[in-house]
Structure formats: C-alpha cells, structure tokens
1. Could you run the Karplus curve 6.51 cos²θ - 1.76 cosθ + 1.60 with θ = phi - 60° over the stretch 39-51 and give me ³J(HN,Hα) per residue in whole Hz, x for Gly and Pro?
2. Looking at [x] 1.13; [y] 1.06; [z] 1.61, which value of Cα Rg over 2.2 N^0.38 Å comes from a calculation on the structure shown?
3. Along the positive direction of the dipole of the chain (beta-carbon charges: Lys, Arg +1; Asp, Glu -1; about the Cα centre), which of Asn70, Ala50, Phe29 reaches farthest?
4. Taking the chain, which chymotrypsin sites (Phe, Trp or Tyr not before Pro) meet the DSSP loop condition and have no more than 13 other C-beta atoms within 10 Å?
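Every read-out reported here was derived from the displayed coordinates using simple, explicitly stated rules and does not represent laboratory data. Keep in mind the model is a prediction, meaning the values are calculated, not measured. Cβ sites come from the backbone with ideal geometry, for glycine too, and all protein chains shown count toward neighbours.
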Amino acid sequence: MDLASYQVTLLKGAAALRANWTNRVDDFFNASSVGMTDCILERLNYQKLAKTVWPLNKDLIPTFEVQHLN
C-alpha cells in the first residue's frame, strides 16, 4: 500500500497504533466514541470509585515513583 497516494488514512485503534504510524503520518485526530472504550474518562459510568483517582480528580497532582530492577 502506497500511503502517499491517499489524502486521508483512517485507523481504528488505541494508543499502541501510534508507535507504528508516527513516522508515516503528519497528524493524529482522536475520534472519541461513547462506551467502554471512551477516551474521555469523565463520561464513563464509574461505580464505587475512590475520590483520590487521578486524572478524574483534577485537584490531585500525580507523583510517580520509579524503581529500577536488576
């Protein structure tokens, strides 16, 4: 397939597909769909969710601890 012959290429997938296509395309446009795979987390119907979950709680500042394994 010669991508240069197309003006637009549509792909369906999550973040993993970006790794293979980053060097082949000029831009990515996200198309969010309502449902279990929605990338807008606030639209999901959470039940029994703690109030200390980032990124849903915008007041939280995430911290990450890195542990190196030998």
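1. The phi angles translate into 8, 9, 4, 5, 7, 6, 8, 7, 10, 6, 8, 5, 6 Hz.
2. Checked against the structure: label [z].
3. Checking the options against the dipole of the chain, the answer is Ala50.
4. Tyr6, Phe28, Phe29, Tyr46, Phe64
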